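Participant: Have a look at this one before I ask anything.
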Amino acid sequence: YAVYEGDYKEGYYLYRSHLEDHGHKFKQEYDPPVHWNELYNLGWVSEKTGFFVEGIEFEEYTLEQLYKEAEIAKDVGAESLYLDPGWNIALGSSIWNEERFGPLKEFSRIIHEKYGLKLALHLMMNFEGENEPDEFYLISKNGVKLVADPYINLFCLCANEHWVKEKTRRILELAKERVDFFMFDFTDLSMFMADNLGCFSKEHGHEVPMLRHTHAENIFKVIQNVKKEFPHILIEAHDRGVKPRHPLYYQHNLPHSFDENWGFECMWNPMQDLLSGRSTQLFEYNLAYSIPLYLHINENSDNENMLQFWWYASLARHLGIGGLSNRESVKYETLKEAMTLYKKFKPYFTRGIFYGISYSIHLHVDETDKIGVITAYNLSSRVQKIEVQIDFVKYGLDVNTVDIYNGINQKISTIKLNMKSENISQFEVEIPPLSPIIAILQK
């Protein structure tokens, strides 16, 4: 154990430093592209009531719609097109649906060359249908194939060596066509309604019942197999079936490991999660970990001040957005402006050292140049004047000037920092209701 002086955040930083010493940090070349997620405009096939797209009973996107999303992504300033479920022949199959979308090689070529975007794919470990090899199905103690989630009718995966070999083969077939990112999702073991967890089949070549550890290790083997062949592909990995949640550094620093953790499902109602406090978990995660989080958010729920955008841009090193399509709308234009400002200072958010000056004041530091970016948020319905104090020694900064922007890339002011004491400087800024400010710290 270690003894430290200070508040709980100092304890977090000490813990984070310990994990970094053991390799739990982003790689030196880490530079995640901003994703545009088609899901928020097009929905997905398992949504019967039109969660995102009103009036569509079963939301099944088309090739034409995907190209339209690529056009929007490029126009907004995103750097990669991310496809959520719907691109494969069946959920969890990891086989590109060539009948609906043509060859993946051609689709990928167009996305890369015509639109100048990278290509990202969502993967499921649990799967739908009864046409997969028998070894893929988790068998209960009573000899029944377990369904992971009755809502979307996915079968529970038995992550045995047979599955590892075939799943690896299928994903490598995708990877060779210039796929730049994979999400490993639906990785849970068994289902919440089953008393006897694990697979009880004696034909699958695993212990009976299969242990949670075996399940997690074999999913991880697939990740490693992909990374060995395509080390440049970014991989985000959801929890690998170990409940209650395994340590968030689990398997991260092993050879050929994944790059990112998942942002705790703050993708569905991001503004509500922000205002209710649910997204506090993202703030505290960043105090304790330098392993990047990946998260996409529906910008349709943001306000025109881009409060939601800047909150999650500060807390998810790998950001995905989506949900807007009307290029004439005010919100679409403000998102473009926010993206312009974000991309200008993106390295601070993706690779900077994170400090939580307070819950609503975040600091991102470039430890080499000793400059950084502060984001501050007014989560109330009234104008707030805040005082920001900066400890130069504690945060490793060498700055004397602050350029203040609002969330839509409008410069508000330039402030010369006043020294409160030998190492501490401060400045005041007024923030409108439900708004962010972005403060660029410079020499």
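Participant: Which pairs turn up if I take residues in the stretch 16-39 that are under 25 Å from PRO85 (Cα atoms) and look for partners that are part of a loop (DSSP other than H, G, I, E, B) and charged (D, E, K, R) with beta carbon separation below 6 Å, at least 6 apart in sequence or on another chain?
Facilitator: If the second residue must be part of a loop (DSSP other than H, G, I, E, B) and charged (D, E, K, R), the pairs left are PRO33/GLU79; VAL34/GLU79; LEU39/ASP84.
For (1) among the hydrophobic types (A, V, I, L, M, F, W, C); (2) under 25 Å from TYR312 (Cβ atoms), each residue gets a yes or a no:
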| position | (1), (2) |
| --- | --- |
| TYR395 | no, yes |
| ASN406 | no, yes |
| GLN410 | no, yes |
| THR414 | no, no |
| MET419 | yes, no |
| GLU422 | no, no |
| PHE427 | yes, yes |
| GLU430 | no, yes |
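Participant: Hey, among the residues in the stretch 397-414 that are among the β-branched types (Val, Ile, Thr) and in contact with an Asp or Glu (Cβ under 8 Å, 6 or more places away or on another chain), which one's nearest to ASN305 (Cα to Cα)?
Facilitator: So the residue we want is ILE408.
Participant: Considering each of TYR115, TYR82 in turn, give the residue that is crowded, with 23+ Cβ neighbours inside 10 Å and within 16 Å of GLU64 (Cα to Cα).
Facilitator: Selected residue: TYR82, the only one of TYR115, TYR82 that is crowded, with 23+ Cβ neighbours inside 10 Å and within 16 Å of GLU64 (Cα to Cα).
Participant: Next up: Cβ-Cβ under 7 Å, sequence separation 6+ or interchain: first residue in the stretch 232-245 and not assigned by TED's automatic domain parsing to the domain that holds THR187 and surrounded by fewer than 17 Cβ atoms within 10 Å (Cβ to Cβ), partner of a type in the set (S, T, N, Q) and at pLDDT 95 or above. Which pairs?
Facilitator: Final answer for the pair search is none.
Participant: Right, here's the next one. Give the stretch 403-441 a look and list any residue that's under 28 Å from VAL76 (Cβ atoms) and either among the aliphatic types (A, V, I, L, M) or in the same structural domain as MET306 (by TED's automatic domain parsing) (or both), or say none.
Facilitator: Answer for the stretch 403-441, where residues must be under 28 Å from VAL76 (Cβ atoms) and either among the aliphatic types (A, V, I, L, M) or in the same structural domain as MET306 (by TED's automatic domain parsing) (or both): ILE404, ILE408, ILE412, VAL429, ILE431, LEU434, ILE437, ILE438, ALA439, ILE440, LEU441.
Participant: Sticking with this structure for a sec: So which helices (runs of 4 or more DSSP H) stay within the stretch 90-178 end to end and still have 2 or more residues that are in contact (Cβ under 8 Å) with a residue 12 or more places away in the chain and either more than 26 Å from TYR294 (Cα to Cα) or outside the structural domain of HIS296 (by TED's automatic domain parsing) (or both)?
Facilitator: Result: 98-101, 161-175.
Participant: Ok, one more. Tell me yes or no: at least one residue of the stretch 346-360 is buried (at least 18 other Cβ atoms within 10 Å of the Cβ), more than 25 Å from TYR294 (Cβ to Cβ) and either touching a Pro at 6+ places or on another chain (Cβ under 7 Å) or modelled with pLDDT under 95 (or both).
Facilitator: Checked the stretch 346-360: no residue is buried (at least 18 other Cβ atoms within 10 Å of the Cβ), more than 25 Å from TYR294 (Cβ to Cβ) and either touching a Pro at 6+ places or on another chain (Cβ under 7 Å) or modelled with pLDDT under 95 (or both).
The values are calculated or read from the model by the stated rules, or taken from the named source; none is laboratory data. Keep in mind the model is a prediction, meaning the values are calculated, not measured. Note: ideal-geometry Cβ built from the backbone for every residue, glycine included; neighbour counts use all protein chains shown.
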